[in-house]
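The values are calculated or read from the model by the stated rules, or taken from the named source; none is laboratory data. Because the structure is predicted, anything quoted here is derived from the model rather than measured. Because the Cβ atoms are built from the backbone with ideal geometry, glycine has one as well, and the counts that use them run over all protein chains shown. SASA here: full protein model, heavy atoms, side chains in, ligands and nucleic acids out. Shrake-Rupley method; radii C 1.70, N 1.55, O 1.52, S 1.80 Å.
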Amino acid sequence: GEGVENLKSTVLRLSPGPSGDSTREEIEPSPSSLGLSPPWEEPPAGQVLPSTLVEQASEPPALVEEKPAQAVELDWSGLIKQMRLSGMTLQLANHCVLVAIEENRVVLALDPQAATFRRPQLEERLEKALQSLLKRPLKLVIHDEAPKQDTPAVQIQRHQAERQKAAEQEIEQDPIVLALKERFDARIVPGSIKPLD
């Protein structure tokens, strides 16, 4: 409308020059001269500010979900496999149970019946293997006490006994073996049956 055109127009002012001629000077209209309030002043009630003058509310920063710290493996048999031990060092580890993994030390309980495996060089090798696996310096502490749970060595023995029994039962029930026993009075030599790996 006519008011909008007035906003866009430029005010001209004629003023005498040094020689007496009139010169034309362009004047940018101020908000107050056009009946508008400056942008830093609050508008009158009912007047809506242009969208460019409305400060956009900043969005709150997105919350970053913290990942839980990775839990330490507490399965001692699993840790032994990861360390890839061998020989007497493996035997020492297999006759221990895990008591605690702390910030600067690992505590084990050694089966008193396997005290012969407790040697300084073996403990040092096991300690270095634990440091390499857990990726931090720590001290290995071994207590001579009856474990409150089965050691890996006991678990291995039980598993081997179960496999041996299963292999013997399979042979005893084999039709060919039953026929030989019945026809030739054959018998199975004790200890000759071994489970397949």
Under 5 Å, built H, 5+ apart or other chain: amide partners of Leu140: Val106
Protein accessible area in segment 76-159, 1.4 Å probe - carbon and sulfur %: 48
Extension gain, Lys135 back to Gln164 (0.36 nm per residue minus Cα-Cα distance, nm): 6.5 nm
Where trypsin sites (Lys or Arg not before Pro) fall in DSSP loop in segment 97-197, at most 16 other Cβ within 10 Å: Arg118, Lys135, Lys148, Arg187
Lys181 versus Asn104: modelled label distance in nm, points set 7 Å from Cα along the beta carbon direction: 6.4
Exposure of Asp75 as accessible area (Å², to 10), given a probe of 1.4 Å and all protein chains: 80
Solvent exposure ordering (accessible area, 1.4 Å, most first) of Phe117, Phe184: Phe184, Phe117
Cα gyration tensor category, rounded, prolate or oblate, for segment 73-115 with a/c compared to 1.5: oblate
Accessible surface, 1.4 Å probe, highest first, among residues His143, His159, His95: His159, His143, His95
Solvent-accessible heavy-atom area per residue, rounded to whole Å², over segment 95-168 at 1.4 Å: 63
Gyration tensor verdict on segment 128-186 (Cα atoms; rounded if a/c is under 1.5, prolate if a/b is larger than b/c, oblate otherwise): prolate
Cα-Cα over 32 Å, subset of Lys81/Lys194; Lys81/Lys165; Lys81/Lys181: Lys81/Lys181
